[in-house]
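S.K.: Can you keep this structure in mind? I'll have questions shortly.
Bear in mind that the values in this text are calculations on the coordinates, not laboratory data. Bear in mind that the values here come from a model prediction, so they are computed numbers and not experimental data. Positions of Cβ are backbone-derived with ideal geometry, glycine not excepted, and every protein chain shown enters the neighbour counts.
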Amino acid sequence: MLPMQQARLLLPDRPIGRITINGHHYLYATKAGTSGRDAVVLLRTASSVRAESRPFWLALAAAGGLGCLLAAAVAAMLARSIARPVLRVARASSRLAVGHDPEVLPLAGPRELRGLADSFNTMAGQLARARDAERSFLLSVSHELKTPLTAIRGYSEALDEGVLTPERAVKVIRTEAARLERLITDLINLARLDQQRFEIHPVTLDLAEIARESATRHAARARELGVRIKLQQGQRAPARADPDRLLQAVSNLVENALRCTPPGGTVTLVTTPGQLTVKDTGPGIAPDEIPHAFDRFFLYRRYNGDRAVGTGLGLAIVRELAQAMGGDAHVAASSTGAQFAICLPLPESENENDALHAFTES
Ligand SMILES: Nc1ncnc2c1ncn2[C@@H]1O[C@H](COP(=O)(O)OP(=O)(O)O)[C@@H](O)[C@H]1O
Ligand SMILES: [Mg+2]
């Protein structure tokens, strides 16, 4: 405690601060006494304050350093836990790209990474199925190409050796050559559809006219097989489609139906707006085979007993043509027959319905 006057002489006006007395540095704090005539002055050497606060700064620095190390370690662990599944996906993609069978990735980690692994698994599954389908397609194609060629070679050799009458050999050779020609045409059509190189010119047309045209074209064959072709048409059945491509698809369905229907049966072409259905009174298709009915060669190998006609690609072409025109193809079957339907987009405006294009043969 110092008298106020002395304290004023000794210390600057500020209540706290730093002063130098006789070359020594001090920290001070002052407070006026209650009487106002004296003041309380606290003095400490600056060096003692520094010495006292040093452990505090050291502790602070150590804690900071430790904190940084810990944060770095946690960040590294986190980065690794995120990077590991991403690396797994990258490795699996590379394996897939070089043609190995895809591995199923575990669904673990944060939601986004689980989503990534799930999408990869889905994609890998689809790719595996597509590869299998391609392999079995190639096998079927090779088989279907080889069979008629073997027959042609066998019969021409027999002809050469004089074992067969020329009439009989020529008949078989001609039939098998025609089969080869059809198969190659179908393959070219499918390849074009795959590459979307098929030109589709959709117009607004009446499906009833397409049905009539198809019935006319198949009338002779129906008579030959003893099957009746019936048309079931209400009012007009407008749709948007390419008439030539549609007739190609419908002809395939009618030809199949005629072939599969026993003599005395009926093939009916039903037309409603946007849909043309070919019904028959044949054996139908087994329910478990319906989902694959439009797959290339799928039904062919099951039902093709006498190999009288066909390539096994017709239904696949029907579906791809329908899809190329913005529609689709469906099948339903019971023990009393099969129904194949082609669904097509409807004309956009009512006005278009009034300007229905008649089918004109190209
Ligand atoms: N309406 C049908 N009823 C029963 N089976 C059918 C019918 N349509 C097609 N199939 C079966 O599906 C097979 C494949 O038909 P498709 O793909 O058109 O080839 P293709 O006519 O060249 O044999 C046919 O060979 C036949 O066995
Ligand atoms: Mg067919």
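S.K.: Give a residue-ordered list of calculated ³J(HN,Hα) values for the stretch 88-101 (Karplus: 6.51 cos²θ - 1.76 cosθ + 1.60, θ = phi - 60°; whole Hz; x for Gly, Pro).
M.R.: With coefficients 6.51, -1.76 and 1.60, one gets 4, 5, 4, 5, 5, 5, 5, 4, 4, 5, 8, x, 6, 5 Hz.
S.K.: Using the basic label-point model (7 angstrom from Cα toward the beta carbon), what is the Thr165 to Gln126 distance in nanometres?
M.R.: 5.9
S.K.: What spacing in nm lies between the two simple spin-label points modelled at Ala219 and Glu103, each 7 Å away from Cα in the Cβ direction?
M.R.: The answer from the label model is 6.7 nm.
S.K.: Working out 0.36 nm times the residue gap between Arg50 and Ile200, then minus their Cα-Cα distance, what length gain in nm do you get to one decimal?
M.R.: Full extension of this stretch gives 44.9 nm more.
S.K.: So what's the back-of-envelope 222 nm ellipticity for the chain, counting only DSSP H runs of four-plus at -39500 (n - 2.57) apiece and dividing by all residues, rounded to 500?
M.R.: That calculation yields -19000 deg cm²/dmol at 222 nm.
S.K.: In whole Hz, what ³J(HN,Hα) sequence does the stretch 313-326 give by Karplus (6.51, -1.76, 1.60; θ = phi - 60°), x for Gly and Pro?
M.R.: 10, x, 5, 4, 5, 4, 5, 5, 5, 4, 5, 5, 8, x
S.K.: Computed FRET efficiency, Cβ-Cβ of Ala177 and Ser119, R0 41 Å: what is it to the nearest 0.05?
M.R.: With a Förster radius of 41 Å, E is 0.25.
S.K.: Calculate the spin-label point distance for Arg95 paired with Lys146, positioning each point 7 Å from the Cα along the beta-carbon direction, and give it in nanometres.
M.R.: 3.2
S.K.: Among Val141, Val203, Val318, which one shows the biggest mean-square fluctuation in a GNM of the chain, springs joining Cα atoms closer than 10 Å?
M.R.: Of the options given, Val203 has the highest mean-square fluctuation.
S.K.: With no solvent and one equal point scatterer per Cα, compute the Debye intensity ratio I(q)/I(0) for the stretch 129-215 at 0.10, 0.12, 0.17 Å⁻¹ and report its log10, rounded to two decimals.
M.R.: Results for the stretch 129-215 at q = 0.10, 0.12, 0.17 Å⁻¹ read -0.48, -0.64, -0.87.
S.K.: Hey, another quick one. Specify the inter-centroid distance of the stretch 226-301 and the stretch 23-87, based on alpha-carbon positions, in whole Å.
M.R.: 89
S.K.: Extension gain Ser334-Ser349, at 0.36 nm per residue separation less the Cα-Cα distance, in nm? Before the final figure, lay out the partial values.
M.R.: Working: separation 15, 0.36 × 15 = 5.40 nm, distance 3.66 nm.
The Ser334-Ser349 span can extend by a further 1.7 nm.
S.K.: List the relative contact order of the chain as a percent without decimals, with contacts defined as Cα pairs under 8 Å and 6+ residues apart.
M.R.: 12 percent.
S.K.: Quick one: if the Förster radius is 41 Å, what FRET efficiency do Ala32 and Leu60 give, using the C-beta to C-beta distance and rounding to 0.05?
M.R.: The formula returns an efficiency of 0.70 here.
S.K.: Could you state, as a whole-number percent, how many of the C-alpha pairs of the stretch 203-354 are farther apart than 28 Å?
M.R.: So the portion of pairs separated by more than 28 Å is 15 percent.
S.K.: A further question follows. For helix 243-260, report the angle its Cα long axis makes with the longest principal axis of the Cα atoms of the chain; keep it between 0 and 90° and round to the nearest 10°.
M.R.: Compared with the principal axis, the helix lies near 60 degrees.
S.K.: If the elastic network links every pair of Cα atoms under 10 Å, which of Ser53, Ser35, Ser349 fluctuates the most in the Gaussian network model of the chain?
M.R.: Checking each option, the largest mean-square fluctuation is seen for Ser35.
S.K.: Here is a further query. Residue-wise, which Karplus ³J(HN,Hα) couplings in Hz belong to the stretch 176-189, taking 6.51 cos²θ - 1.76 cosθ + 1.60, θ = phi - 60°, and x for glycine or proline?
M.R.: In residue order, the calculated couplings are 5, 5, 5, 4, 4, 4, 5, 4, 5, 4, 4, 5, 5, 4 Hz.
S.K.: Subtract the Cα-Cα distance of Leu78 and Arg14 from 0.36 nm times their separation in residues, and report this length gain in nm to one decimal. Don't skip to the answer; put the middle values down first.
M.R.: Values: separation 64, 0.36 × 64 = 23.04 nm, distance 5.33 nm.
Value of the extension gain: 17.7 nm.
S.K.: Using only Cα atoms and rounding to the nearest 10 degrees, what angle (0 to 90) does helix 207-225 make with the longest principal axis of the chain?
M.R.: Its long axis makes an angle of about 50 degrees.
S.K.: Kirkwood hydrodynamic radius of the chain from all distinct Cα pairs, in Å?
M.R.: 28.6
S.K.: Return the single residue from Asp206, Asp295, Asp160 with maximal mean-square fluctuation; model: Gaussian network over the chain, springs between Cα atoms under 10 Å.
M.R.: Most flexible of the set in this elastic network: Asp160.
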